[in-house]
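Rule-based calculations on the coordinates, nothing more; no lab input. Keep in mind the model is a prediction, meaning the values are calculated, not measured. Counting neighbours? That spans all protein chains shown, and the Cβs are built from the backbone with ideal geometry, glycine included.
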Amino acid sequence: MRTASCKAPAVSRSTLPSPSSQPADASPGLPAGPTGSVAGADAKVGSSGPATRTPELVVVVPVFNEETVIVSVLREWREEVARVVPNFQLLVINDGSTDGTLAALSQLDWPELTVHSHANRGHGQSCLVGYLEAERIGAPFVFQIDSDGQCDPVAFRSVWERRHEAPAVYGRRITRDDGPSRRLITRVLRWSLKLLRHTRLNDTNVPYRLYHTGAAAAAARKVPRTFDLANIGLALKLEPQGFVEVPIHFRDRVGGHASVRYWGFARKARRLFRDLRSL
Ligand SMILES: Nc1nc2c(ncn2[C@@H]2O[C@H](COP(=O)(O)OP(=O)(O)OP(=O)(O)O)[C@@H](O)[C@H]2O)c(=O)[nH]1
Ligand SMILES: [Mg+2]
């Protein structure tokens, strides 16, 4: 993996092998360097501002073709996180975007912004890459959000304040603007996983999750590389260590396109239940 601070040249293409060239059960992360961690001499943050110290928090933001919203989403999150955690890093995982996402990112000259680019591997696996990178950076906490504007920074503080109660603090989408079909999907997923996996988690796929980095990275290594909705696999792996749920509001998408529509959900669900057998 190569990770570059977001200054010209803003981002570098990952030299990772494509997902299909990795063993099926390989860990989701990056090719091990001599130390078994992420390779990359350029994996540093900017030379000024809070990010020159090891950040206390890495905010992982997977992005795929969100050129219309990515800058505004990062801007609002940067403002809010800075109010709560002065020393943080924004880690954007550009998951093979083919639109102007990368160009939009390259215009941002923020010392706390780092962009990692790799060939498309999907949302969940991109998140796992972010957790492992947070571990390499040495940040004790890692927080993941989506890049489509659905995650409202207003609840961040209440999540952060619970960080010492458990290795995992999840937002739980209590109110949401993204329509009845999305609410139904979350409900069906919740009850299916309760029945099949006996989970007590209520929102296993929520993109609003704060982890103790060491715990998240260790669990990430155990989630197979082929696991599609890998954030769900990670949450289930971590559950025995305890978790906290904090009610949040979930907004509607502010631009771009939903990746999964109509029968795509049935396909995703089938894949999930197949993947769960490998967990
Ligand atoms: N769809 C998709 N999203 C990805 C991928 N990699 C990273 N992402 C990001 O993951 C987030 C979630 O994707 P969405 O398509 O919004 O999925 P969703 O939230 O279930 O769908 P909506 O409810 O329509 O927003 C977005 O911020 C994407 O930019 C990928 O390979 N596919
Ligand atoms: Mg979304």
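Taking a ≥ b ≥ c as the square roots of the eigenvalues of the Cα gyration tensor of region 200-279, is the shape rounded (a/c under 1.5), prolate (a/b larger than b/c) or oblate? Write out the running numbers ahead of the final one.
On the way: a/c = 1.96, a/b = 1.19, b/c = 1.64.
Verdict is oblate for region 200-279.
An ellipsoid equivalent to region 138-272, defined through the eigenvalues of its Cα gyration tensor, has semi-axes of 22, 19, 14 Å when rounded to whole angstrom and sorted largest first.
Could you please report the charge total around Asp95, scoring K, R as +1 and D, E as -1 over all other residues with beta-carbon less than 11 angstrom from its beta-carbon? Before the final figure, lay out the partial values.
Details: positive: Arg121; negative: Glu66.
Surrounding charge for Asp95 is 0.
For region 136-198, what does the alpha-carbon gyration tensor say about shape, rounded, prolate or oblate, given a ≥ b ≥ c as the root eigenvalues, a/c under 1.5 as rounded, and a/b over b/c as prolate?
Numbers: a/c = 2.14, a/b = 1.40, b/c = 1.52.
Judged from the Cα gyration tensor, region 136-198 comes out oblate (a/c at least 1.5, b/c at or above a/b).
Neighbours of His249, meaning other residues whose beta-carbon lies under 12 angstrom from its beta-carbon, give a summed charge of 0 when Lys and Arg score +1 and Asp and Glu score -1.
Which whole-number value in Å³ per residue fits the convex hull of the alpha carbons of region 88-136?
With only Cα atoms used, region 88-136 gives 71 Å³ per residue.
Please say if region 66-190 is rounded, prolate or oblate, where rounded means a/c under 1.5 for a ≥ b ≥ c the square roots of the C-alpha gyration tensor eigenvalues, and otherwise the choice is prolate for a/b larger than b/c and oblate otherwise? Write down the numbers at each step before the final one.
Details: a/c = 1.44, a/b = 1.12, b/c = 1.29.
Rounded.
Distances between placed amide hydrogens fall under 5 Å for Leu113 paired with Cys6, Gly46, Leu90, all partners being 5 or more residues away or on another chain.
Here the residues Val92, Val60, ranked from fewest to most Cβ neighbours within 10 Å of their Cβ, fall in the order Val60, Val92.
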